[in-house]
Amino acid sequence: MSEQEKGKSKRVRWLRVGFVVLVLVVGLGPLLLLLAYTRDISLAQLLQRRAEQKVETAPDQLSQKMYTVQYMYRFCDHSSVYDLDSTPAEMEIPPADLVEVAAALHESDAGVENIVPYFKDSGWYVADAGAGPEGPCFIFTHLDDLCPECRGRYYLGIFHDGTADMIAVFEGRPPCGKVIKVTPHAVRDDDREGLEAGEPLDSLDDLESALEAYTS
């Protein structure tokens, strides 16, 4: 075979190879694009499902778990207990971060004693934690000085300073209350009965005029 015929045969082979490659690219290209597209859809759906699962357990959802709140006070006897749906609007409710921490620690099988230190200075305590039919169930305790009904009310009463009985101003309703001021006036025997019962004040502005009745 001459050199010219060999060159022609070689060009024919390359043309055939190029034609095959062209057919593969043109024929398989759409199929490859389709596969890539469906794979991307599956990945997107998977990411969406994972995001939805994450939303189901997001921290801001935990505040919807069932809980009971008991309100207790140091200087009055008006304790009360409410569940989630019956808590009055004027009452404080457990902070969302407290509910989230309580739920997280409960799910990790941590005891109630491990939850308390997180909020020991907030007035809120986790009294109990358990499992209910709809998920975790907590009993939160809010400890304050006075209930809303006693807060902002004042009266004159008796405070014993260790050596003598002194006239003092209390916040609350007699006979319970929180001492907010001890006057320099000692309790006289003829005033003792009235002060033991408590002498209500309309406001702290009436303090001086009320003291005149016990010091003049």
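The values are calculated or read from the model by the stated rules, or taken from the named source; none is laboratory data. Keep in mind the model is a prediction, meaning the values are calculated, not measured. Cβ coordinates were reconstructed from backbone atoms using ideal geometry, including for glycine residues, and neighbour counts include every protein chain displayed.
Values computed for the structure shown
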| quantity | calculated |
| --- | --- |
| Yes/no for residue 194 being in contact with a Pro (Cβ under 8 Å, 6 or more places away or on another chain) and not assigned by TED's automatic domain parsing to the domain that holds residue 76 | no |
| Test: residue in segment 139-150 that is in contact with a helix residue (DSSP H, G or I) (Cβ under 6 Å, 6 or more places away or on another chain), farther than 19 Å from residue 77 by Cα and in contact (Cβ under 8 Å) with a residue 60 or more places away in the chain | no |
